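Bear in mind that the values in this text are calculations on the coordinates, not laboratory data. As the structure is a prediction and not an experimental result, all values here were calculated from the model. Methodologically, a virtual Cβ is constructed for each residue, glycine included, from the backbone with ideal geometry; neighbour enumeration extends over all protein chains shown.
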Amino acid sequence: MRNNSVVNHMIACNQCDSLLPKPILSEGQDALCGCCGAMLFSKKKDAINRTIAVAIAGLVLFFPAALLPIIGISAAGLFNDASLIDCITILINSKNYVIAFAVFMFTLAIPSVRLITALYISSCIKFHRVKPSLLVFFRSYHLLDTWTMVHVFFMGVIVSMYKLSSLADMTIDGGLFSLVLLLICSTLVSVTMDEHSIWEELEKSLEQ
C-alpha cells in the first residue's frame, strides 16, 4: 500500500521519460519537466463548472441537431429537406444498414453518451460523490472520445453543399446551426475537462 502511494505521487514526462514528483498546482498553473522543460500537465481554471455547463449545452443542442432539417434543396419547382434522423431513415429504407448503423453510432449515440458521461463525472466530483465505480465511467469517456465523428459528418455536409450549390438552390436550416454548435460543445468538453484533477480524486477514493 505504501508503494502504491509513492507511485501515485509521481509523474512521467512524455518527452524524456523522466519520473518526477507530482507537484501540487493552483488553478491556472502549469507543471513543467525539470529535465527537458516540456509541460507535464496543467491545472485548469474552474474546470468542473465549465465542463458541466458545456455538457448541458451540448445535450440541449443534441435534439435540434438531430431532429431539425439540416439543409433544404429546391430544383425544378420541387423542394425537399432532411434532418439527421431522416438521413438515417433513408439509409435504412434503401437497405444500407451498415452505413445507417455507422451514422447513428458515430453522430448520435456515441456523442450523446460521451456528453452524459462527462456531465455525470463532473457532477459527482462537484457534489463530492466520488466512488471507485466512477473509474469505469472515466475510462468509458476516454474510449468514446476516440470514436466521436460529428466533425466528420459535418465535413460531409459541407462537401455535399458545395457540390449541390451549382445544381440547385439551397437553404440552410436550423439543424445545421445546431450541428455546428454541438460540434463546438463536443470539442470544448475535451478542453474544459481537467483529467489530472479527476484522476487525483479517483485515486483518493481508491485509497480510502
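Judged by the mean number of other Cβ atoms found within 10 Å, the most tightly packed of the peptides 133-145, 54-66 leads the ranking 54-66, 133-145.
Each peptide in 79-85, 116-122 was scored by the mean count of other Cβ atoms within 10 Å over its residues; highest first, the order is 116-122, 79-85.
Charge dipole (Cα centre; +1 on Lys/Arg Cβ, -1 on Asp/Glu Cβ; no other charges) of the chain amounts to roughly 380 debye. With a Förster radius of 22 Å applied to the beta-carbon distance between residue 109 and residue 143, the computed FRET efficiency rounds to 0.95. Using R0 = 35 Å, the C-beta based FRET efficiency linking residue 16 and residue 158 works out to 0.30.
Arranged from fewest to most other beta-carbon atoms within 10 Å of their beta carbon, 129, 50, 114 become 129, 50, 114.
Each of the peptides 184-190, 21-27 was scored by the mean count of other Cβ atoms within 10 Å over its residues; in descending order, highest first, they stand as 184-190, 21-27. For n ≥ 4 DSSP H runs only, could you compute -39500 (n - 2.57) per run for the chain, divide by its residues and tell me the 222 nm figure to the nearest 500? Dividing the helical sum by the residues of the chain leaves -19000 deg cm²/dmol. Modelled spin-label separation between residue 97 and residue 60, with each label point placed 7 Å from Cα along the Cα-to-Cβ direction: 3.9 nm. Span-like helix criteria (full DSSP H runs; alpha carbon extent of at least 27 Å along the helix axis; mean Kyte-Doolittle hydropathy of at least 1.0) are satisfied in the chain by 47-67. The lysines within cross-link reach of residue 22, meaning a Cα-to-Cα straight distance under 22 Å and a gap of 8 or more places when in the same chain, are 43, 44, 45, 204. With a cut-off of 13 Å on the backbone N, the residues of the range 23-37 near the modelled label site 7 Å out from residue 45 along Cα-Cβ are 27-30.
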